[in-house]
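The values are calculated or read from the model by the stated rules, or taken from the named source; none is laboratory data. These figures come from a predicted structure and were not determined experimentally. Backbone-built Cβ (ideal geometry, glycine too); neighbour counts: all protein chains shown.
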Amino acid sequence: MVLDVDTGVDDALALLFALRHPGLDVRAITCVAGNVGVDQVVINTLKVLDAAGAPVDLPVAAGAGRPLLAAADLTRSAHGMDGPADLGLPGPARLPVLEHAVDVLYRTLGTSTMPVTVISLGPLTNIALLLRMYPAVAARIGRLICVGGSAQQGDAPSDFNLRSDPEAAAIVLTDHDVQPRRVLPGDDRPG
């Protein structure tokens, strides 16, 4: 699997789970602006990898620093000024790769011998860029799981990740025959 994150508290917990779970094979982590700017997301992600004891060769790459069309709005964060609740964690002991996140996604998907699950925990900007730059790579994605949408109907507020880059969400969810399915807690249906 590949995780595309905007590491705040929630993504930090998801990363810890994925990295420590014996049945999951995390091949790369890509970062996107969302909860905080992309440079801070990279730092936060590297700190989580250090805390999890992740392999030092696990690639972490910076990606999109803003939505596709709108200016980045980083004036608010429910996760503190730095993303992980202003805990004052020590600086990371590892460095990100120099490749752009889209190139890391393309390489990881292209070199895998089996379809890869892509989990997007932040805005879909990196995934949209990947699909627009390399449309054929969509066939290499076994599953795309994203945090987005609302369980409410009517005038419910939009989800943060989709609202942060609605154009990217539109590209990912409509251009590639992705069939969104609402998943509720305890829902273990395949698909």
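Computed quantities for the displayed model
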| quantity | calculated |
| --- | --- |
| Yes/no for Gly53 being surrounded by fewer than 23 Cβ atoms within 10 Å (Cβ to Cβ) and under 23 Å from Ala71 (Cβ atoms) | no |
| Pairs, first on the phi < 0 side of the Ramachandran plot in region 114-135, second of a type in the set (Asp, Glu) and surrounded by fewer than 24 Cβ atoms within 10 Å (Cβ to Cβ), C-beta under 7 Å, six or more apart | Leu131/Asp175 |
| Single residue of Leu98, Leu69, Leu87 found to be exposed (fewer than 15 other Cβ atoms within 10 Å of the Cβ), at pLDDT 95 or above and on the phi < 0 side of the Ramachandran plot | Leu98 |
| Among (1) over 15 Å from Asp4 (Cα atoms); (2) modelled with pLDDT of 60 or more - the single one Pro185 does not satisfy | (2) |
| Selected residue (only one of Ala33, Ala70, Ala64, Ala52 is under 16 Å from Gly91 (Cα atoms), of a type in the set (Gly, Ala, Ser) and touching a residue at least 12 places away in the same chain (Cβ under 8 Å)) | Ala52 |
| Flag if Thr7 is part of a loop (DSSP other than H, G, I, E, B), at pLDDT 85 or above, closer than 18 Å to Asp165 by Cα and in contact with a strand residue (DSSP E or B) (Cβ under 9 Å, 6 or more places away or on another chain) | yes |
